[in-house]
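Since the structure comes first, as structure tokens, the remarks are kept for the end.
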């Protein structure tokens, strides 16, 4: 049970440094009063007292890894905008919808001013001209809290013309989506923000930092990423990098769901905390629910290849999880115990990605639904070996070559490292195949057990039922 | 008459006024019309197209891409039961079947009294609180079948009217940028110089 | 002796900074910066299969069929060749095992939901999906699930049908509609596996360019009514030709089966039409096989027209001309027309008029163009116009009258190559794309131009680079005087600017050039009709000309045809004017004769004969040559090439345009300018103040009207509307009328009754009426000698 009834899911009572969830303990953490009383807008004042490039350097030296999934450092991303091209926009990606992920919504509901302050710091440092804060359509409360916070902040002079009496002026526009997972992909997010169907644009050669919103340089940052900035500017990069490891400094929020004793949202030390710490640690999930044992877990959201218990000791460090065959993604850990019907659960993910395909790339549009149809048949006990083979073939059409998976002594598998090759523009298509590949590679027997047996075919002699 | 009413036209114009290009207001305006009418009508799309400078076909193309927009009347309460992995692990399928039994409709259907539309939804970002559901995009966490029964009864009896607005209303708080504080939209082609604080430093 | 190697003597050629060298399948390919791999490979002869890629559309990377191994320095990776620009040292392998597997995968996935109804599909046999399944597919399908089902087909417009089961969602039609035509009326609907193409309910894909989507559809999803279930592609015979519906000169392929015209397709001529055709040009082939065609010569007897043999009809025509000559001398004969046929037709008729008959009264414009002397000015090509820094429009609505020129200039504005400054009495299709739009009340265009030129911002724009003036007649209800002065004002202010004539009728530029223009002292069409009305014309020869329909001043045309003592008409249909003739000579239509045509640029291209002439009809040039024999002349023409060669020999500017040269000139040959001629005398007239109760009349053409080609093509005929008067919505109150109400509209000439349309594109104080529509005839109101025509509108 959460200690904080007003923040469902937030169970983090551990005594660790809290960079972004520090105000979750307050029921009124979303108000301007509480925010100001707890160090709010200090980071912005600190930033405005320095030159934009100094602020940019500070963020760069802290190596704030993007928390949306790809893990690209924010400071570096800001620097990718082409020289001399103005205006530049900031688009805040609050379209959290990766299966298993629950963090950005909490940040927006519980501490919207922290996000706003982060947007302002980023805009100041990178010379951005307008901010669009894109919140997932289905998050009514987050939209209300952010809207109220924006209104408060405008009234108090923290946003708008001449912020805090300086020549720094910027608008933050609240924008909201209408239900489409793929819009979480940054180029699709921009399409959606332009009023179009949220279909990803091909990225190379055009990254949003070069050609983004309205064809202008655009920084797309995740909610959690930006929420780090107020603390960073208040306490300095040195304090930030003192937490976590050299390559993964600071903290990160994870959400652990599924068959654990205490599922919840935790702010963990980046880089050093292991999956075992999180799943079994006393201050975290306290182990698998009583009387059961771990069967498999997904380390980084529904798109990530699955891990077996062998991988529990891997830390939250991209440079180690990638070579081990998966990714940290959006910090979502989904835990399955031995009661789990693997094919049936894999089907929920396949269905998710097939449903969320935008329809642009043929392999995803056609292949995703085809995989879903076959999985439905297999789960219903009407599949054949041919179906299983065919799923691997469809996988080859979506992600040619070896698909990432973890090493497993029991299965005699050598790790195939993440990432994979793909024939699609974005990760939705490969993700649909991901659940098939992981479940079928790691648990072939469970699929075999579901296949149609000759004896299970009802035989009715012609005319016998008339 | 399902065009935006006068009050909503004022809101629509305020929304459009925040964007460098009116077209960006398409989704917010579709929400606004759905809030007014409960669903998105052809008439409303024609009007939105005029307001944002698109063709009706373009607005339709955008609208149909997104899950939340409905093109025919749905129940006063849209009950979305999540069916993705985290919730499925915690028994969401049972919850959905229970709801189907209780409401007497299959997922996707609307009750005869027009009160409830039941949907199997995809991940709602409340995975630690599985199984979860949303009623008109208001969450309910770790829902048991008994709690589901109670929730549906409470909704039907109007006991949750203050908490759960009718379908179409998402956020009840809107952003309002005061005129004296607004910087105004920054059009992509108008600006060739960096912002003042970059060239002059913060003053 | 020192051995000097030749290499040391030769200076290294300068390296083009835009040149990019890459390797495709092991051989070096020279490309240019910005070119996509797929295009570079195609030029090098390495075909990369694709569906969504189209060289004239923005790449979208949707079908994933063109994924090939591209090594840009970090090892080979499957990348879409349609979206990756070439880079120096890049290595491309279009046949690697990974590429082949990816291609087979895409084909299998595309065919998963495809109905495979190829035996009953119009596209079967010319289908990229079929062809690439054959060449790059896996050869079998393992898809055993139920396929997607949709109602098939649905009509998305009056002409185009959509079969969503066949559709592979390549985005070609939708991109064309949005990017090229500017009519984003078809769109993707829904998402993922449920994605399909739709129009908005009750808003059909009513684009003037809809037929192009059928042509570029890579499957049989889009079909056009005139061709549905008419033929199998392998039964089609075809030839390249040029469309002569308007004067843009789009290159086409004319296709027939069993001597019946079945389809026109656009050919990608880089300087002209980029592969596109307008629907009118694409589908009006139906009129060629119309049951109402005139199939044999007719001679008027006491009891009306009687069919006649060619020798009898020609003898009758010759004797009418000789009688006229005897009665009033050669100058009492006028020859009007020639702009609807080939250069050869026009040349033969001009020789007949000028040489054999000896009259200077030969003219091919129908009172709806501008003086021919504008063709003497520095002429722009379409490419020059579409890449000019500034395009000045003093022209009719190009979308209505020269549709593909509209597409080309629209693209120039959309791609921000050019800024358009438009002067027009009514908003046009290009107004949306205009940088500046100046609406003027007819008669005031010079003032409008002068005011604009005084604007420093506009002056600065002109100073930035090349200027092309697109010049034509924006209003048929005024003389050309003010427009010509306005054009000359722009040209005078911008020395070095070029002009692109926006003349509409098929081969009007060619006809004027090869001789269908007045000799010294000759009467142009208006003057000839006036003379006929005054009883001074002994014989009027109408060569594919129908003044009653096409001349803006119907009353003058009517009086002229009544006043002319003899009329010889040459036409494909029994037009209202031909009905009044003494002899009607039945002419072969487009695609029934070969020759050349000249577009607005002066570009001469070939026109192909694809079917046998209908009935007993003959090409206009043959008729002229035979009539010449009866009149004592001998052109000595045996084949069409004799005529083309004769033009090259005699016509200034055509010296290089021989049959041999044309045979190898892919994009035709641009003719030299006309020899100097005197500037036409403009009709002087004072522009009266408009009474505030009156409306100033604006009359212009729309794409679909009662023109013979449209009216006799069943697929197009119903697209033409009734004549209606369009008023600015705020002017309805002035008349006390409402949208849809019936009003009477009066000029000094006549009164007509018609319905009202509220139209914000119309300037306040003016009334716009489309010309040559069914119902009321606005030509009845027009006095073609008046500087402007004002009308009074009253509620009925």
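Nothing in this text is a laboratory measurement; each read-out follows from the coordinates by a stated rule. These numbers come from a predicted model, not from an experiment. Cβ coordinates were reconstructed from backbone atoms using ideal geometry, including for glycine residues, and neighbour counts include every protein chain displayed.
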Cα extents of segment C:397-445 along the three principal axes, largest first (Å): 32, 21, 13
Per principal axis, descending, Cα span of segment B:16-161 in whole Å: 49, 33, 24
Residue C:612-residue C:658 FRET efficiency (beta carbon distance; Förster radius 30 Å; 0.05 resolution): 0.70
Whole-Å distance, taken between Cα centres, linking segment C:327-361 and segment C:452-494: 34 Å
Förster radius 51 Å - calculated FRET efficiency between residue C:666 and residue C:296, Cβ distance, rounded to 0.05: 0.85
C-alpha long axis of helix B:42-52 to longest principal axis of chain B, angle in °: 30 degrees
For segment C:695-795: Kirkwood Rh in Å [reciprocal of mean 1/r, alpha carbons]: 13.8 Å
Taking only Cα atoms of chain C, radius of gyration then Dmax in Å: 28.4, 105
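Compute the relative contact order of chain C as a whole-number percentage, counting only Cα pairs closer than 8 Å that sit 6 or more residues apart in sequence. Could the numbers behind the result be given before it?
Numbers: 1811 pairs, mean separation 94.9, N = 796.
After rounding, I find 12 percent.
Peptides A:380-392, A:425-437, A:126-138: what's the order by average Cβ count within 10 Å, highest mean first?
Values: A:380-392: 15.2, A:425-437: 27.8, A:126-138: 25.1.
Ranked by mean Cβ neighbours within 10 Å, highest first: A:425-437, A:126-138, A:380-392.
Taking every pair of alpha-carbon atoms in segment C:564-621, give the share separated by more than 13 Å as a whole percent.
On the way: 1080 of 1653 pairs.
Counting pairs separated by more than 13 Å, the tail of P(r) holds 65 percent.
Ratio of segment B:6-65's C-alpha Rg to 2.2 N^0.38 Å, to two decimals?
Numbers: Rg = 10.3 Å, N = 60, 2.2 N^0.38 = 10.4 Å.
Normalised Cα radius of gyration, segment B:6-65: 0.98.
Other chains near C:104-114: what is the mean number of their Cβ atoms within 10 Å of each residue's Cβ?
Working: counts 3, 12, 7, 2, 6, 14, 4, 1, 8, 4, 1.
Counting Cβ atoms of other protein chains within 10 Å of each residue's Cβ and averaging gives 6.
Which semi-axes, in whole Å and largest first, does the equivalent ellipsoid of segment A:251-333 have when worked out from the alpha carbon gyration tensor as the square roots of 5 times its eigenvalues?
Working: eigenvalues 65, 40, 24 Å².
Three semi-axes, in Å: 18, 14, 11.
Sorted from fewest to most neighbouring beta carbons within 10 Å, what does the list C:446, C:30 look like? Each step should come with its number before you reach the end.
Working: C:446 20, C:30 13.
Fewest to most other Cβ atoms nearby, the residues stand as C:30, C:446.
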Calculated log₁₀ intensity ratio I(q)/I(0) where the Debye formula runs over C-alpha points of segment C:30-160, q = 0.11, 0.17 Å⁻¹: -0.47, -0.96
Average Cα contact separation per residue, segment B:77-156, under 8 Å, 6 or more apart, as relative contact order %: 37 percent
Three semi-axes of the equivalent ellipsoid, segment C:372-501, Cα gyration tensor, whole Å, largest first: 19, 17, 15
Cα-based convex hull, segment C:148-225, per residue volume (Å³, whole number): 83 Å³
Descending Cα extents along the principal axes, segment C:616-730, whole Å: 61, 43, 38
For segment A:342-450, alpha-carbon Rg over 2.2 N^0.38 Å: 1.00
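Can you give the helix-only mean residue ellipticity at 222 nm for the protein assembly as shown, where every DSSP H stretch with n ≥ 4 adds -39500 (n - 2.57) and the sum goes over all residues, rounded to the nearest 500 deg cm²/dmol? Don't skip to the answer; put the middle values down first.
On the way: 50 runs with 449 residues, N = 1465.
One gets -8500 deg cm²/dmol as the mean residue ellipticity at 222 nm.
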Peptide ranges A:174-180, C:654-660 listed from the most packed, as the mean C-beta count within 10 angstrom indicates: A:174-180, C:654-660
Square roots of five times the Cα gyration tensor eigenvalues for segment A:162-238, Å: 27, 16, 14
Cα gyration tensor shape for segment C:588-663, rounded if a/c is under 1.5, else prolate or oblate: oblate
Enclosed volume per residue, in Å³, of the convex hull spanned by Cα atoms of segment A:22-240: 116 Å³
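Do you know the relative contact order of chain B, to the nearest whole percent, from alpha carbon pairs under 8 angstrom that are 6+ apart? Could the numbers behind the result be given before it?
On the way: 274 pairs, mean separation 42.0, N = 203.
It rounds to 21 percent for chain B.
In the protein assembly as shown, how does Rg compare with the Kirkwood Rh, expressed as the Rg/Rh ratio over alpha carbon atoms? Provide the component values of the computation, followed by the final result.
On the way: Rg = 37.0 Å, Rh = 35.9 Å.
Looking at the protein assembly as shown, the ratio lands at 1.03.
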Ratio Rg/Rh [Cα only; Rh per Kirkwood] for segment B:77-156: 0.92
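Give the average, rounded to an integer, of partner chain Cβ atoms located within 10 angstrom of each Cβ in A:105-112. If you can, show how the numbers build up before the last one.
Details: counts 4, 3, 0, 0, 0, 0, 0, 0.
Mean inter-chain Cβ contacts per residue within 10 Å come to 1.
Based on a Kirkwood Rh over C-alpha pairs, give the Stokes-Einstein translational diffusion coefficient of segment C:253-366 at 37 °C and viscosity 0.692 mPa s in µm²/s.
On the way: Rh = 17.6 Å.
Stokes-Einstein gives a translational diffusion coefficient of 186 µm²/s.
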Protection proxy ranking of A:44-57, A:346-359, C:551-564 - average other beta-carbon atoms within 10 Å, highest first: A:346-359, C:551-564, A:44-57
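Could you work out, residue by residue across C:193-202, how many beta carbons of other chains sit within 10 Å of that residue's beta carbon, and then give the average as an integer? Intermediate values should be presented prior to the final figure.
Values: counts 13, 6, 10, 2, 2, 4, 4, 11, 6, 3.
Averaged over the peptide's residues, the number is 6.
Which of rounded, prolate or oblate describes segment A:301-388 when judged by the alpha-carbon gyration tensor and an a/c cut-off of 1.5? Present the calculation step by step, with values, prior to reporting the outcome.
Details: a/c = 2.42, a/b = 1.44, b/c = 1.68.
It comes out oblate by the Cα gyration axes.
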Separation of the residue B:9 and residue C:780 label points, Cα + 7 Å toward Cβ, nm: 4.1 nm
Euclidean distance between Cα centres, segment C:195-209 to segment A:107-182, Å: 38 Å
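Give the Rg/Rh ratio for chain A, taking Rg as the radius of gyration of the Cα atoms and Rh as the Kirkwood radius, to two decimals.
On the way: Rg = 23.3 Å, Rh = 23.1 Å.
For chain A, the value is 1.01.
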